[in-house]
Amino acid sequence: MVSKTEEKEWLRYLIPLPHEISIQDRIEYHPKDISIRVSPDAGAIEKNAAAELEHLFVEKAGVKPAGQGFEILIGVADPRGKLGGHSVNVQRLNRLPNKEQAYVIQPGGNRGLLLAALDGKGAYYAVRTLSQLLEPKISKDRVSIPLVTATDWPDMNERGMWNFPDLETWIPWMSSIKLNYGKMASTKLATVERDKPNRATIDKDAMQKARLKAFNYLPYILHLNFLNACGLFKAYPELAGVGDGALAGRYFAHKQGDQHRAPCASNPLLAEILAEWMADIASQGADEVSCWLSERPCQCGCVNCTAAGQFVLESRAFVAAWENVRKHYPDLQIRIFLSTTTTVRNYRVLAELPPEVKIERACATGLERVTRIPRDLLANPLLDHDAARGRWIASYDVPIGANGLVDTPEFKLPQSSAHRIKDFVGQLIRRNYSGAYGMMAWASLGVETSGFNIHALAEWSWNLNGRSEKEFAVAWATRGSYEHPDAVGEWAELLGPVEFDVYDSDFPVCYSWGKAIAMVQNKQRPYLGEGIFRYYTDEGAFDRKKAACDQALEIAKGFENPDLANETRVVRSYVELARCVYQIAEQVATLDLTDPTVQDKLRASIADLEQAGKENAATIKTWRSALGPEPWHDRVHDAIKATETTVREISRFVSERYLY
């Protein structure tokens, strides 16, 4: 028998936690006595899942399981609910959300386990669950097999990442924790040549390998205002959007470069070119394409385009192309990626799109934020209305990085806030969204910087109500072989809410765009509860948050790995920096600056600010140095520079004008 305590400890190896799971007993065998079998009519995904389970035995025990002692049977149940002579409750599976990914695990008599599903994807996830349970229990001499009873399914249809660096490691890693989506960054549109067929190249091999892991590695046609980079306007000048209104500009984060002219979307030639790209992608085996509208506000100034609007016409062009391509590839599906920082005529885009066309949305956090105590709400009445009525809608805005506004300069900083991830994903699920993705703007050290939050995305996009934030952190630490997983849970419970407060408060815009500087220069009185001070309810909040950081730091110092301690120091330094900015802004806005006593206060406040700036820069450098030597990504240096500029300019402004 397995005690409740032992079961609880065993389940800590699972991320995400299944919806329904229990371990009543376990049985031990020599690894060579185990057999793994798939059903006779198994598809490629089930066969790959079995191969991965076999590889686990080879890796951990040095033997390929091919014995007669205990059988693990993997497969898709037939319509009668039978698999290998055993009965499966297919009626229950058919009623579950995202049923093609649902599965059951149940004992198959006294000497076997049954891993069954309605689809190969579900069978793959059943194997992932069993693999996580077996990983810590296999040695060369024995394997402890849990006699599991589980029924499981994901709360969200798609879960994954926008960018990730190394396909060979990231797709296997993400699929191992049941993430199932990634943008195919390697999609290439060939240079456009007039009157010649247009071609696109996708990573066909990676896409097919990903499918075997129930992973959707999705090709795309990039933002239409980026097509000048493909030579579109050189080949077809008549497709260049008319006037400066067609210039979509660029994000601040892009720093410099093309102003990204949008196309003349009313010209039927655009749909023809899109159809050629789409057909070429489909010919390489893709069954779905993501179609990206222009990225930022823009409008071709020609008479035909201004009659309907840029984004309406762009979506029409994609749909027209798709309908044309489906004559030859009838199973091809598309999804429309809405313009990131505008909602112009989205109501008309959605009204015109066929209901089977999926919707993707990014960079919308600032547009959707509704201030609320204790935490802000995210709402988009138009999209939420359609999602509630069954339209497939996904968001790319899960804040796995320090700042959630991805259209801003993204600082590469540590953030391990289970509270922030659960809040965001939970809001998407309650809004009936179908997909949730995180976004990284760098390729290096993604796991080291964002791994905690990516695991959190995997956890709560699959099973929102399964674990608390603390319980999740304990599971993450257990799987990560931390020496004291329960202590990691205590650390996360203390620091997670503070990180939520720090990084969800106009961060990093308040520093990178000079908003803190402008507040002081304009003698604008700081308001606790807004902007950089969004989650500081009173002046005592600064000290309370620092005290929580100090408690968390004492715990983190006990870990051999210094990362959590270094992260805690970075977060605390941002709280102190915010306190010092508040202190100076309040004094400049409310006090008689000619009073010598007030000037003494200002001098002391400037000294505090300068010290806080030095501490912030030092803690960031210490954190990043522990991950590896220079060269560092420029987004690390951007964070340091933003602090240094803020401190320097506030200090200079106050000193030059008010101190004498």
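Cα centroids of segment 158-211 and segment 239-309: how far apart, whole angstrom?
One Cα centre to the other: 21 Å.
Segment 529-633: which GluC sites (Glu not before Pro) are DSSP loop and have at most 16 other beta-carbon atoms within 10 angstrom? Present the calculation step by step, with values, prior to reporting the outcome.
Details: sites: Glu530, Glu539, Glu554, Glu560, Glu567, Glu576, Glu586, Glu610, Glu615; in loops: Glu530, Glu539, Glu560.
The qualifying sites are Glu530, Glu539, Glu560.
Distance between Cα centroids, segment 424-440 to segment 94-115: provide it in whole Å.
Each part reduced to its Cα centre gives a spacing of 26 Å.
Whole angstrom only: what separates the Cα centroid of segment 537-573 from the Cα centroid of segment 596-624?
Each part's Cα centre sits 18 Å from the other's.
Taking the Cα atoms of segment 499-622, report the difference between the largest and smallest coordinate on each principal axis, in whole Å and largest first.
That works out to 53, 27, 25 Å along the principal axes.
Helix-derived [θ] at 222 nm for the chain: sum -39500 (n - 2.57) over DSSP H runs of at least 4, divide by residue count, nearest 500? Show your work: numbers first, answer last.
Working: 23 runs with 299 residues, N = 660.
After summing the helix terms and dividing by residue count, I get -14500 deg cm²/dmol.
Run the simple label-point estimate for Glu59 and Arg648 please: 7 Å along Cα→C-beta, distance reported in nm.
Reported label-point gap for Glu59 and Arg648 is 4.8 nm.
Place the peptides 134-141, 393-400, 150-157 in order of packing, highest mean first, counting for every residue the other Cβ atoms within 10 Å and averaging per peptide. Walk me through the intermediate numbers first.
Working: 134-141: 15.0, 393-400: 25.2, 150-157: 21.9.
Top to bottom by mean Cβ count within 10 Å: 393-400, 150-157, 134-141.
Considering only the other residues whose Cβ falls under 12 Å of the Cβ of Ser573, what net charge follows from Lys and Arg at +1 and Asp and Glu at -1?
Working: positive: Lys545, Lys546, Arg569, Arg572, Arg579, Lys614, Lys621; negative: Glu567, Glu576, Glu615.
Net of charged neighbours comes to +4.
Grab the Cα-Cα distance for Glu193 and Glu168, subtract it from 0.36 nm times how many residues apart they are, and report the gain in nm with one decimal.
Full extension from Glu193 to Glu168 adds 5.6 nm.
Straight-line reach from Lys196: which lysines have a Cα under 27 Å away, not including same-chain ones fewer than 8 places off?
Output for Lys196: Lys188, Lys204, Lys234, Lys327.
For Glu530 and Lys641 in one chain, what is 0.36 nm times their gap in residues minus the Cα-Cα distance, to one decimal in nm? Can you show the working numbers first?
Values: separation 111, 0.36 × 111 = 39.96 nm, distance 2.38 nm.
Extra length available between Glu530 and Lys641 comes to 37.6 nm.
At 7 Å along Cα-to-Cβ for each site, give me the label-to-label distance between Val447 and Ser655 in nm.
With each label point 7 Å from Cα toward Cβ, the separation is 4.6 nm.
Given R₀ = 45 Å, FRET efficiency for Lys140-Arg430 by Cβ-Cβ distance, to 0.05? Walk me through the numbers on the way to the answer.
On the way: r = 48 Å, r/R0 = 1.06.
That pair, Lys140 with Arg430, gives E of 0.40.
Tell me which residues come under 5 Å, amide H to amide H, from Cys264 once H is placed; ignore anything under 5 positions away on its chain.
Amide H to amide H, under 5 Å and 5 or more residues apart or across chains, Cys264 pairs with Ala240, Gly241.
Which one, (1) 53, 30, 26; (2) 41, 27, 25; (3) 44, 37, 20, gives semi-axes √(5λ) of the Cα gyration tensor in Å as derived from the coordinates shown?
(3)
Provide the packing ranking of 213-219, 64-70, 32-38, i.e. peptides ordered by the mean count of other C-beta atoms within 10 Å per residue, highest first. Walk me through the intermediate numbers first.
On the way: 213-219: 23.0, 64-70: 16.1, 32-38: 19.7.
Per-residue Cβ counts within 10 Å, averaged per peptide and sorted highest first, yield 213-219, 32-38, 64-70.
Could you give me the ³J(HN,Hα) list for segment 632-645, computed from phi with Karplus coefficients 6.51, -1.76, 1.60 and θ = phi - 60°, whole Hz, x at Gly and Pro?
These are the phi-based 3J(HN,Hα) values: 9, 4, 5, 6, 5, 5, 4, 5, 5, 4, 4, 5, 4, 5 Hz.
Could you state the orientation-averaged shadow area of the convex hull built on the Cα atoms of segment 432-591, in nm² to one decimal? If you can, show how the numbers build up before the last one.
Values: hull surface 44.3 nm².
The number I arrive at for segment 432-591 is 11.1 nm².
Counting C-alpha atoms alone, how compact is segment 117-191: give Rg to one decimal and Dmax as a whole number, in angstrom.
16.3, 58
Could you check how much of the accessible area of segment 402-519 is carbon and sulfur, as a whole percent, using a 1.4 Å probe? Mind showing how you got there, number by number?
Details: 1510 of 3000 Å².
Within segment 402-519, the accessible surface is 50 percent carbon and sulfur.
With r as the distance between the Cβ atoms of Lys601 and Thr537 and R0 = 25 Å, compute the FRET efficiency 1/(1 + (r/R0)^6) and round to 0.05.
Working: r = 23 Å, r/R0 = 0.94.
Using R0 = 25 Å, I get an efficiency of 0.60.
Among the aspartates and glutamates, which have Cα under 14 Å from the Cα of Lys82 when same-chain residues fewer than 8 positions away are ignored?
Candidates past the 8-residue exclusion: Asp41, Asp119.
Kindly list the residues of segment 303-341 that lie in the label zone of Glu352, defined by a backbone N under 11 Å from the point 7 Å along the Cα-to-C-beta vector.
Inside the label zone: 305-320.
Select from segment 549-634 those trypsin sites (Lys or Arg not before Pro) which occupy a DSSP coil region and have at most 15 other Cβ atoms within 10 Å, ordered by residue number.
Lys557
Just want to confirm a number: the relative contact order over the chain, from Cα pairs under 8 angstrom separated by 6+ residues, in percent.
Rounded, it is 10 percent for the chain.
Relative contact order for segment 476-594: what percent, with Cα pairs under 8 Å and sequence separation of 6 or more?
Numbers: 111 pairs, mean separation 38.1, N = 119.
With pairs under 8 Å counted, the relative contact order is 32 percent.
Which whole-number value in Å² is the accessible area per residue of the chain, probe 1.4 Å? Mind showing how you got there, number by number?
Numbers: 25940 Å² over 660 residues.
Accessible area per residue: 39 Å².
Keeping all protein chains in the complex and leaving out DNA, RNA and ligands, what accessible area do you get for Val575 with a 1.4 Å probe, in Å² to the nearest 10?
0
Can you work out the FRET efficiency for the pair Ala66 and Glu6, with r the C-beta to C-beta distance and R0 = 30 Å, to the nearest 0.05? Let's see the in-between values first.
Numbers: r = 29 Å, r/R0 = 0.98.
It comes out at approximately 0.55.
Does a label point 7 Å from the Cα of Arg92, set along Cα-to-beta-carbon, have any residues of segment 21-58 with amide nitrogen under 20 Å, and which are they?
Within reach of a label on Arg92, which here means backbone N under 20 Å from a point 7 Å along Cα→Cβ, segment 21-58 contributes 21-26.
Show which lysines lie in cross-link reach of Lys209 when reach means a straight Cα distance below 16 angstrom and same-chain residues fewer than eight apart are skipped.
Straight-distance partners of Lys209: Lys47, Lys121, Lys178, Lys183.
The values are calculated or read from the model by the stated rules, or taken from the named source; none is laboratory data. What you see is a predicted model, and the numbers here were worked out from it, not measured in a lab. FYI the Cβ positions are ideal-geometry reconstructions off the backbone, even for glycines, and counts take in every protein chain you see. Note: areas computed on protein heavy atoms with side chains; ligands, DNA, RNA excluded. Shrake-Rupley method; radii C 1.70, N 1.55, O 1.52, S 1.80 Å.
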